Amino acid sequence: MQTYISFLRGVNMTGHNSLKMAELSSLYVNLGYPDALTYIQSGNVIFSSAEKSTEFEIALEIEKAILEKFSYIVPVMIRSSKELRNLFSINPYLSEKNFEPSKMAVIFLHEKVTDEQMLKVKGVDYPPDKFKIVGKEIFIFCPNGFGRTKLYTNFFEKKMGITGTARNWKTITTMLELVEKRG
């Protein structure tokens, strides 16, 4: 049995793509993930699967089900519990002076970045804010907070032609704690 975490982009409780977390949890249960657990109102779901489907196949299955049931096009980024744990070892900003979780985020990408996409942000520099792309994640550190940064999901999506969704470091830490409690 493998534990996964899904991060949905653009889901909220009110307004555009309004979706109650109980409805989302029910959708996962109906797809065969009976232990689905949602966390906060932004489309974070922890679930397990015994099937041998890839993360990408699971993401497409969930995206299709959301479209069919709610008529929303919602990108879904899936990570295994191992990949979530690994973020703590590959995060380049945890040792920054005066590190605070509220000033750190990760953009989870739908697919791994190509060399061509990487070139589109090579040399981008908005000090004191920093970013680093590692695999299917973009780590962002904004020592003065996210209020005025240019380095956020929309910037990277437009510049690189990618799809992703961001979560702050506190949310990621809490999600990992919930995963660890499940065993």
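Taking volume of the Cα convex hull per residue in Å³ straight from the coordinates, which label in [x] 122; [y] 180; [z] 132 is the correct one? Recomputing volume of the Cα convex hull per residue in Å³ here gives the entry labelled [x].
Of the trypsin sites (Lys or Arg not before Pro) found in region 1-106, the ones in coil according to DSSP and having at most 16 other Cβ atoms within 10 Å of their Cβ are Lys20, Lys52, Lys97.
Principal-axis analysis of the Cα atoms of the chain puts helix 55-70 at an angle of about 70° to the longest axis. Using C-alpha pairs under 8 Å with a sequence gap of at least 6, the mean separation divided by the residue count of the chain gives a relative contact order of 22 percent.
A simple spin-label model places pseudo-atoms 7 Å from Cα toward Cβ; at Ser80 and Lys97 they are separated by 3.9 nm. The angle between the Cα long axis of helix 81-90 and the main principal axis of the chain comes to about 10°, on a 0 to 90 degree scale.
Filter the GluC sites (Glu not before Pro) in region 58-138 down to the DSSP loop ones having no more than 16 other Cβ atoms within 10 Å, then list what survives. Of the GluC sites (Glu not before Pro), the ones in loops of region 58-138 whose Cβ has at most 16 other Cβ atoms within 10 Å are Glu96, Glu111. Of the trypsin sites (Lys or Arg not before Pro) in region 137-183, the ones in a loop by DSSP (not H, G, I, E or B) with at most 15 other beta carbons within 10 Å are Arg148, Lys150.
Between the Cα long axis of helix 21-30 and the first principal axis of the chain there is an angle of about 60°, rounded to the nearest 10. A full extension of the chain between Asp35 and Leu60 corresponds to an added length of 7.1 nm, given 0.36 nm per residue minus the alpha carbon distance.
Residue separation of Lys150 and Thr114 scaled by 0.36 nm, minus their Cα-Cα distance, works out to 10.8 nm of gained length. Bridge orientation summary for the chain: considering DSSP beta bridges with both residues in this region, about 95 percent are antiparallel.
Only the coordinates and a few stated rules stand behind these numbers; no lab work does. Because the structure is a prediction, the values reported are computed rather than measured. Cβ sites come from the backbone with ideal geometry, for glycine too, and all protein chains shown count toward neighbours.
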